[in-house]
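This report concerns only the one structure given below.
Only the coordinates and a few stated rules stand behind these numbers; no lab work does. As the structure is a computational prediction, the values presented were derived from the model and not from experiment. Counting neighbours? That spans all protein chains shown, and the Cβs are built from the backbone with ideal geometry, glycine included.
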Amino acid sequence: DTEVTQTPKHLVMGMTNKKSLKCEQHMGHRAMYWYKQKAKKPPELMFVYSYEKLSINESVPSRFSPECPNSSLLNLHLHALQPEDSALYLCASSLRDSSYEQYFGPGTRLTVT
Amino acid sequence: QKEVEQNSGPLSVPEGAIASLNCTYSDRVSQSFFWYRQYSGKSPELIMSIYSNGDKEDGRFTAQLNKASQYVSLLIRDSQPSDSATYLCASPSGNTPLVFGKGTRLSVIA
């Protein structure tokens, strides 16, 4: 089973809202990732968690706040977003970080109004 | 950061033909290479991984790696309209677990 789940599938939020994206995997993977993907562009890495610790933050604005409550769960807290933050947000996981196959969830389509 | 380069296409092939997708990379120490398929509006799906020089076959897909030339390719035999998608080449580079190419859009014409 190589399933990563994400909720919600779609999210519309105003610039003053606070919302959270959730990601879950039960494959025993110890690395989890958040990516942002704009239309017709490849995924852009935002954050990497390795063994529940934040190992990479790709200079992401503080209005995005990741959290890894345990080895199966990954959250992305959103606050005061801008319209240009509208995108497909993808979660992925891999057995370990680096050089291992990453499996993506279905994504959350975020629209900021 | 090192780069992964792909021809963005679109690449059009007739149904039943072989589709050939190419990728070059600049990080000489890269050891792992991945091909993802992404349908419009969906997330990337891992279809092939390759770690050593030569060919790796899985059903209608063959990945080819040439580390000396820093080149990796994906062949799709007996292409079907359902293969129409964007194909992303990816590899770790430095501290970045996965660097993606810009993707090649494939269109299989029935």
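What nm distance separates the two modelled labels at A:THR16 and A:SER62, each placed 7 Å from Cα along Cα→Cβ?
Spacing of the two 7 Å Cα→Cβ label points: 2.1 nm.
What is the local net charge at A:LEU11, summed over the other residues whose Cβ is closer than 10 Å to its Cβ (Lys, Arg +1; Asp, Glu -1)?
+3
Please give the contour-minus-distance gain from A:ASN70 to A:GLU44: 0.36 nm per residue of separation, less the Cα-Cα distance, rounded to one decimal in nm.
Length gained, A:ASN70 through A:GLU44: 7.0 nm.
How far is it, in nm, from the label point at B:SER40 to the one at A:HIS26 when both lie 7 Å from their Cα along the line to the Cβ?
It is 3.5 nm.
So how strong a dipole does chain A carry about its Cα centre when Lys and Arg Cβ are +1 and Asp and Glu Cβ are -1, to the nearest 20 debye?
340 debye
Would you list, by chain and number, the lysines whose Cα falls below 18 Å from the Cα of B:LYS102, excluding same-chain residues fewer than 8 positions away?
Excluding near neighbours in sequence, the set is A:LYS36, A:LYS38, A:LYS40, A:LYS41, B:LYS2, B:LYS42.
For the range B:46-110 and the range A:1-39, what is the separation of their C-alpha centers, rounded to whole Å?
25 Å
What ranking do A:11-17, B:53-59, B:21-27, A:81-87 get when scored by the average of other Cβ atoms within 10 Å per residue, highest first?
B:21-27, A:81-87, A:11-17, B:53-59
Spelling out what I want: for every residue of the range B:82-87, take phi, set θ = phi - 60°, compute 6.51 cos²θ - 1.76 cosθ + 1.60 (Karplus), and round to whole Hz; glycine and proline get x.
5, 7, 5, 5, 9, 10
How charged is the neighbourhood of B:ALA17? Take every other residue with its Cβ under 14 Å from the Cβ of B:ALA17, and add Lys/Arg as +1 and Asp/Glu as -1.
-1
Tabulate in residue order the Karplus-calculated ³J(HN,Hα) for the range B:40-53, using 6.51 cos²θ - 1.76 cosθ + 1.60 with θ = phi - 60°, rounded to whole Hz; enter x for Gly and Pro.
4, x, 10, 8, x, 10, 5, 10, 8, 10, 9, 10, 10, 4
Tell me, for chain A, which Cys residues have no other cysteine's C-beta sitting closer than 4.7 Å.
Within chain A, the cysteines lacking a partner Cβ under 4.7 Å are A:CYS68.
Can you tell me the dipole magnitude for the range B:1-78 around its Cα centre, using point charges on the Cβ only (Lys, Arg +1; Asp, Glu -1), in Debye to the nearest 20?
140 debye
Please give the average number of partner chain Cβ atoms lying within 10 Å of the Cβ of each residue in B:95-106, rounded to a whole number.
Mean shielding count: 5.
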